[in-house]
Amino acid sequence: MIVNMFSDATKEQIDHVVDRIKECGFQAHLIRGEERTVIGIVGNSNKHRPELEALRAAPGVEELVPISHPFKLAARSCRPEGSVFDLGKGVTIGGREVVVAAGPCAVESAEQISSIAESVARAGAKLLRGGAFKPRSSPYSFQGMGEEGLKLMRAAADKNGLRVVSEVMDASQIDVMLPYVDVLQVGARNMQNYHLLRALGETNKPVLLKRGLSATLEELLLSAEYIMSGGNYKVILCERGIRTFETYTRNTLDIAAIPVVKQLSHLPIIADPSHGTGRRDKVAAMARAAVAAGADGLIIEVHPDPERALSDGVQSLYPEQFAQMMDQVRAIAPAVDRAIATGPLAAAGQ
Ligand code: PEP
Ligand code: MN
């Protein structure tokens, strides 16, 4: 259930409603919109439900609205205008701009990450992606460079004005990662690692939550709810393809998930056509489709020498292909009332 406060409700009136919700044994989440404050009520106490209903009569309350979905704080009705939040240094997601993250699947060396950072920044990316802790299907595959990889990534990103997004595989890695990253990525294989999700709810870093390999959208939103119910509302959802019977592509990128999630939730949603197709020559087409479908961002794997990449070379774009893809999505964005940044050289008119 949510409480819509009148736009002129006072702080005292809001505090009073919050206190009453807590007295009834529920959690109260304050969601301050541009026009008004909404208070999300979550919890599983049925005992005091009638008392909650009586809040309709409290001063400053316009209406109580039941949320029929099992996810509550992630529900669109909590923030009908959509969530827009800051990733630091002027980069925001959920607004008019479609934000692009790009980089290698895994950080492999200083040379590799710095050359990729430079080329993706030049093409208009705002975030540098790259795994330092890698969830590999085989225990014998490259597992990532760990903290050393994070340091290299931070340095390469800072040099090129980029933000950093990297995957956290376990709650024990959060503290190690916090000094280096701007967005913590939860991989598809960990979407239902509820211990990790709860731990991320206690941080205040934005979280990029990838859809599980066989997760429904309701399950994805419930995983977001785990993070949000801990007080961290900065969750970015990611459609990265699901397992189907199709074998020509690595996964099936569910483009329809984008408008469906947009209707169900206020959270931003981005698309990952790299993992979504698993094939370099299909990535640009699906990136174009995702932007046309209303994605708030893209995450793309790029490698200067994919043949020698330690992971996911087959789906990684060459830097020039990435730049070309960016030109294409930049041309599509205005058709759906969005925009995609140009790189610093183009912005400076060079
Ligand atoms: C990745 O982003 O490199 C990755 C491992 O993604 P996913 O969790 O979607 O497989
Ligand atoms: Mn990868």
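Brief remarks follow.
- Take the conditions (1) within 25 Å of A295 (Cβ to Cβ); (2) crowded, with 20+ Cβ neighbours inside 10 Å; (3) touching a helix residue (DSSP H, G or I) at 6+ places or on another chain (Cβ under 9 Å); M145 misses just one of them, which is (1).
- Within segment 90-119, being surrounded by 24 or more Cβ atoms within 10 Å (Cβ to Cβ) and away from ligand 1 (no atom under 15 Å from the Cβ) holds for I93, V98, V99, A117.
- Criterion (under 24 Å from the mean Cα position of the chain (by Cα) and either of a type outside the set (G, A, S) or within 26 Å of E219 (Cα to Cα) (or both)) met by exactly one of E34, E53, E62: E34
- Filter result for Q112 (away from ligand 2 (no atom under 15 Å from the Cβ) and not in a loop (DSSP other than H, G, I, E, B)): no
- Checking P268, P273, P259 one by one, the residue that is within 29 Å of I174 (Cβ to Cβ), more than 16 Å from ligand 2 (Cβ to nearest atom) and touching a residue at least 12 places away in the same chain (Cβ under 8 Å) is P268 and no other.
- Selection within segment 277-302 - among the charged types (D, E, K, R) and surrounded by fewer than 24 Cβ atoms within 10 Å (Cβ to Cβ): R279, R280, D281, K282, R288
Quick note: the coordinates plus some simple rules give every number you see, no bench work behind them. Just so it is clear, the model here is predicted, and its values are computed rather than measured. As a convention, Cβ positions derive from the backbone with ideal geometry for all residues, glycine included, and neighbour counts pool all protein chains shown.
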